[in-house]
């Protein structure tokens, strides 16, 4: 098994830019408070912001991600002019208990919250299943501006539909080979 040592750059970046308040901003109908110790949902459920599990290697970060770790890598809403850095893969570092509480603990509970929406693509609209949790299904893509969440993007950008086609999948990314 190959273990990769991580650079301090993402960690320093997270300390400078990541903020637990992003969870309140990103999930305003679900998260009531957030601080350096815990995130509290409207349901009363609490999650630690940081856990004590080791996160020194990439594989440990994948396996032991916590809410703070999730914010270490940001999405570049402007795209990359050069290939992204090695092991830069926002969204791969996930604290599963948090997302299971929000979206469902199993396939059946996740699927009961899926609704079909019209999604603009380069070839016209297509039907796409999205979660109705936290109003995602009622949000619209503005023809004027799409603002990226401060939690996940380094820049905001204006775009105009049509938007590149979605894969239409709800399947999570596989883990890299160990």
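Within segment 122-133, residues that are at negative phi and surrounded by fewer than 16 Cβ atoms within 10 Å (Cβ to Cβ) sit with their Cβ atoms under 6 Å from residues that are part of a loop (DSSP other than H, G, I, E, B) and at pLDDT 90 or above, at 6+ positions apart or across chains, in these pairs: 132/113.
Against the conditions (1) modelled with pLDDT of 80 or more; (2) in contact with a strand residue (DSSP E or B) (Cβ under 6 Å, 6 or more places away or on another chain), where does residue 133 fall short? Just the number, please. Only one criterion is unmet by residue 133, namely (2).
For segment 102-121, filtering for residues that are at pLDDT 90 or above and exposed (fewer than 15 other Cβ atoms within 10 Å of the Cβ) leaves 9. Put simply, of 60, 70 the only residue that is surrounded by 15 or more Cβ atoms within 10 Å (Cβ to Cβ) and more than 26 Å from residue 133 (Cα to Cα) is 60.
Using the structure shown, decide if residue 79 is out of contact with any helix residue (DSSP H, G or I) (no Cβ under 8 Å at 6 or more places or on another chain), within 22 Å of residue 30 (Cβ to Cβ), at pLDDT below 90 and surrounded by fewer than 14 Cβ atoms within 10 Å (Cβ to Cβ). Against the criterion (out of contact with any helix residue (DSSP H, G or I) (no Cβ under 8 Å at 6 or more places or on another chain), within 22 Å of residue 30 (Cβ to Cβ), at pLDDT below 90 and surrounded by fewer than 14 Cβ atoms within 10 Å (Cβ to Cβ)), residue 79 does not qualify.
Is there a residue in segment 12-20 that is under 22 Å from residue 103 (Cα atoms), surrounded by 15 or more Cβ atoms within 10 Å (Cβ to Cβ) and modelled with pLDDT of 90 or more? So far as segment 12-20 goes, yes, one or more of its residues are under 22 Å from residue 103 (Cα atoms), surrounded by 15 or more Cβ atoms within 10 Å (Cβ to Cβ) and modelled with pLDDT of 90 or more. Name the residue that is farthest from residue 65 (Cα to Cα), counting only residues in segment 23-44 that are in a helix (DSSP H, G or I) and modelled with pLDDT of 90 or more. Filtering segment 23-44 for residues that are in a helix (DSSP H, G or I) and modelled with pLDDT of 90 or more, the one farthest from residue 65 (Cα to Cα) comes out as 24.
The values are calculated or read from the model by the stated rules, or taken from the named source; none is laboratory data. Note that the structure is a prediction, hence the values are computed from the model and not measured. Neighbour counts run over all protein chains shown; Cβ positions are idealised from the backbone, glycine included.
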